[in-house]
Amino acid sequence: MGNFSSQLRQVLRRLVRTPMFTAVTLITLAAGVGANTVVFSVLEGILLKPLPYPHSEQLVVITHKAPGIGGAGDFPGAPSNYFIYREQNSSLQDIAMMTGDSASITGIGEPEQVRTQRVTDGMTSILGAVPLLGRSFSRQDDQPKSPPTVVLMYGYWQRKFGGDRGIVGQQIKVDGKAMQIIGVMPKDFHFLDQEDPALLVPFQWDRGKIFLGNFSYFTVARLKPGATNEQARADVERMLPTVLASFPAPPGFSLKMFQAARLGATITPLKSRVVGDVGKLLWVLMASIGLVLLIACANVANLVLVRVDGRRQELAVRSALGASWKHIASELLTESIVLGVLGSLLGLGIAYGALRVLVAMAPKGLPRVHEIGIDGWVLLFTFGVAILASLLFGSIPIFRYAGARLAMGLREGARGASQGREQHRTRNVLVVVQVALALVLLICSGLMTRTFIALTRVQPGFNAPETIQLFSLTLPKSQVADDQNVPRKFEEIMRKVEAVPGVVSIGLSTSIPLDGNGSFDPVFAEDRAYRPGELAPIRRFKWISPGFLKTMGTSLVAGRDLTWTDIYNMNPVALISESMAREMWHDPTAALGKRVRVGTTDDWREIVGVVTNVYDDGLNKEPSEVAYWPLMMRNFEGDGVTATRNLAFVLRTPRAGTESLMKDVRQAVWSVDPNLPLAGVRTEEYYYRTSMARTSFTLLMLAVAGAMALLLGTVGIYGVIAYSVAQRTREIGIRMALGAQRQELTGMFVRHGLLLTGIGVAFGLVAALLCMRFLSTLLFGVKPVDLLTYSAVSIGLVATALLASYLPSRRAATVDPVEALRGE
């Protein structure tokens, strides 16, 4: 122990005496380790850490597939399935359903629209959540005739009620209906990985009024101890025929249709559902940042080699005086470990600050963001990286100057000695490795840059999203009882808002491009033949008002827009997207006059217009086939008069995104009804940027990694050439004395730098070709092997290397041959 303490003191003194070497080494290591710690923190928080629920490995999600509908799959759950699964399963402890919703809260200050989560009674108990105050829902609360109850989420309880612990038992008016508050959820409870709602509300389904279908509800179950996913899947599929036999088909559909769909089940771990497809992205980023660490280690190894090379004579003398190779190796390794630990501690501090920035700018939809942080596993990872980095760059000089090589130090140390090729070889190899790894990262960054550019060139089906203001309103039955008066009330509000200064046009819709919402059902065409029980392809639905398309900047390919006459007279008309028209009739104009329907009713609707395609699901995904319906219809899906009560207002105005506009809009809305809260106040640009957020995030991370790699690689080349010039001063003097020209000497070192770069580029291109299959799923509009990107990156790297080689090479031209020979 005393020997180690003495060694440690000597190492620290040497590091203090060489502040430039120590500072450069620590900064290089801190950059590499800090970057790795940041990405590992994200990876661990999202992918590796278990969900924050008791025995989360038992939690699964139940979805359904329907190979009879063109292989359609991954449908959520339906109420009819829920009742049978809950009562007749043999593999589940419990099962619950949920769906996001919104509600207006009135009677407490200004009216407001808040996010709610509708749940069945077992949802919170399945997730192992114990209310902070009161209780959660019971089976009785979920009965259709039970008094309405509500549970508050912690954040809303704090914001709206100031954390009043006496709130349980009081009433709150939700959508005009008084509901009793029965509980408050704890602060650390988050509803799966969604944005926390304000309220939890029970479904209160009436089993006697449930039909088959309506696969719209997220279904979570907890497996019994020892039960497997495969056993649960078989159990659920065993119950599917019972579901079909226990509930009637909805109006407009037949039992044969459900039988022809050949329903099946899929059981997926809840964690997989929460994380989604972000795993591949994070592993790509982890691998990329890992390459930066390797480059940093190579750079530090070069620095340490230069430092140890300067001590060759000292080490050789110590060896000659009896110091063992193990003792010298131990001292060198101790120095490397000290550097590695200090650099890692500095990198950990950088990571802490960077994580806060990264979480703040993380793309919307990145799961489990609130669980990202520096915990014990991250600290253990950082410690492991410190030791690994120390061994990587510390072992090279030990093996380089091992054993007999120390004895050669005395013979090579004569004043006239010039370093041979073997002594340069290790540093040259390290530079080649740096260049190769830098090239791989730069190619990845270049491909993501081209992906981002390709996305910005996509015509999304709307224009100038920064001038489109959005908000939504809900008209509950307590305020407008008659469905036929709902569109009239919405139009009245529209006219008031349209008169707000700066509003150019206005429209209404149930779904806004890129907002993630949508309704889906089969759409049948009158001129197509269907087998008995055959279901038509699933289409996206939107209910819109006149003026919506114009306001969004979505053009008509053929035909006309809807009119208010169509709505009030409930004319059987519809619009469809261009993609749907081309799929069914090959030509948009051929779709005009054709008729479509939903279900088996005779509610045929004439296609009066064809709308240009809109990228509803993301700019990197094909536009979906869409049917546009009027806001009010008769006999749609077998119902009587139906009117849409929750609609988004779309305003085209140069004042979009300003608080002054929304102040005027609120006054306009409340002049019609002071109890209508506005929700979802955003611009379309928000959704547009969100749709590209994951690509932007990946591009940013890869760009940072590529820039760090390029900088470290350039420094490596510069250092090798500069050291080579310094060590070959005597040789340069002799060459100049024999008549060598200055340009020839400069070119000799530049060629050496370019040779190393060329070899590194060659190896890097091979490595990039092998690695691109992992990045291919993140690309859009560009191939993994893109000649332009590969060429541009290679040329750019060679040009940078040329500069990095030329700058230190100029020193060779300034050597005075007389002084060089005299100095030797």
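The values are calculated or read from the model by the stated rules, or taken from the named source; none is laboratory data. Keep in mind it's a predicted model, so treat the numbers as computed, not measured. Here Cβ is always computed from backbone atoms with ideal geometry, including for glycine, and neighbour counts include all displayed protein chains. These area figures cover heavy atoms from the full protein model, side chains too; ligands, DNA and RNA do not enter into them. Shrake-Rupley method; radii C 1.70, N 1.55, O 1.52, S 1.80 Å.
From most to least packed by mean Cβ count within 10 Å, the peptides 348-361, 51-64 give 51-64, 348-361. One quarter of the convex hull surface built on the alpha carbon atoms of segment 66-166 amounts to 9.5 nm², the projected area averaged over directions.
Proximity of backbone amide H atoms, modeled 1.01 Å from N, is registered between Trp543 and Thr510, Ser511, Trp629 at under 5 Å, excluding neighbours fewer than 5 places apart on the same chain.
A simple packing score, the average count of other Cβ atoms within 10 Å per residue, orders the peptides 21-30, 609-618 as 609-618, 21-30, with the highest score first. Candidates Leu676, His370, Phe215 compared by Cα position along the dipole of the chain: farthest toward the positive end lies His370, with charges placed on Cβ. Considering segment 609-648, its Cα convex hull presents a mean projected area of 4.1 nm².
Value of Rg to Rh for segment 232-295, rounded to two decimals, is 1.36; Kirkwood radius and Rg both from alpha-carbon coordinates.
The convex hull defined by the C-alpha atoms of segment 1-151 has an orientation-averaged projected area of 21.5 nm². Full extension of the chain between Ala529 and Lys256 yields a length gain of 96.7 nm, computed as 0.36 nm times the residue separation minus the alpha carbon distance. Per the Debye calculation on segment 643-790 with a single equal scatterer at every Cα and no solvent contribution, log₁₀ I(q)/I(0) for q = 0.11, 0.19 Å⁻¹ amounts to -0.74, -1.19. Can you figure out the FRET efficiency of Lys663 with Leu788, using R₀ = 51 Å and their beta-carbon distance, to the nearest 0.05? That gives a FRET efficiency of 0.55. Please work out, to two decimal places, the log10 of the ratio I(q)/I(0) at q = 0.06, 0.08, 0.10, 0.11 Å⁻¹ from a Debye calculation in which every Cα of the chain carries one identical scatterer. Results for the chain at q = 0.06, 0.08, 0.10, 0.11 Å⁻¹ read -0.55, -0.85, -1.13, -1.28.
Legend: calculated FRET efficiency, Asp164 to Arg751, from the Cβ-Cβ distance at R0 = 60 Å, rounded to 0.05, equals 0.15.
Here r is the Cβ-Cβ distance between Lys177 and Glu498 and R0 is 30 Å; the resulting FRET efficiency, rounded to 0.05, is 0.45. The gain in end-to-end length when the Gln93 to Leu769 segment is fully stretched comes to 238.5 nm, 0.36 nm per residue minus the alpha carbon separation. For the peptides 292-304, 124-136, 538-550, the ranking by mean Cβ contacts within 10 Å, running from highest to lowest, is 292-304, 538-550, 124-136. Within the chain, what whole-number % of the accessible surface is contributed by carbon and sulfur, with the 1.4 Å probe and all protein chains included in the calculation? Roughly 58 percent, rounded to a whole number. Determine which residues of segment 574-608 fall in the zone a paramagnetic label at Glu622 would reach in this model, i.e. backbone nitrogen under 20 Å from the point 7 Å along Cα→Cβ. Those under the cut-off are 576-589, 591.
Derived scalar couplings between HN and Hα for segment 264-269 equal x, 10, 10, 10, 10, x Hz in order, rounded to whole Hz, by the Karplus curve 6.51 cos²θ - 1.76 cosθ + 1.60 (θ = phi - 60°), x for Gly and Pro. For segment 565-632 versus segment 209-261, the spacing of their alpha-carbon centroids is 30 Å. Taking a 32 Å limit on the Cα-Cα distance, which of the listed pairs Lys65/Lys621; Lys594/Lys783; Lys145/Lys663 fall beyond it? Exceeds cut-off: Lys594/Lys783; Lys145/Lys663.
Return a whole-number percent for the relative contact order of the chain, with Cα pairs under 8 Å and 6 or more residues apart as the contact set. Here the relative contact order equals 16 percent.
Overall dimensions of segment 335-398, expressed as equivalent-ellipsoid semi-axes from the Cα gyration tensor (√(5λ), whole Å, largest first), are 30, 11, 10.
What the phi angles of segment 32-48 give under the Karplus curve with 6.51, -1.76 and 1.60, with θ = phi - 60°, is a coupling list of x, 5, x, 4, 5, 5, 4, 5, 5, 4, 5, 4, 5, x, 9, 9, 8 Hz, glycine and proline written as x. For segment 33-78 versus segment 517-548, the inter-centroid distance based on Cα atoms is 30 Å. Rounded to the nearest Hz, the phi-derived 3J(HN,Hα) couplings of segment 509-525 under the Karplus curve 6.51 cos²θ - 1.76 cosθ + 1.60 (θ = phi - 60°) are 7, 7, 9, 9, x, 6, 8, x, 9, x, 10, 9, 6, x, 10, 9, 9, where x marks glycine and proline. Rolling a 1.4 angstrom probe over the protein heavy atoms with all chains in place gives the chain an accessible area of 43 Å² per residue. Given their separation in residues at 0.36 nm each and the Cα-Cα distance between them, Thr268 and Ala762 gain 173.5 nm when the chain is fully extended.
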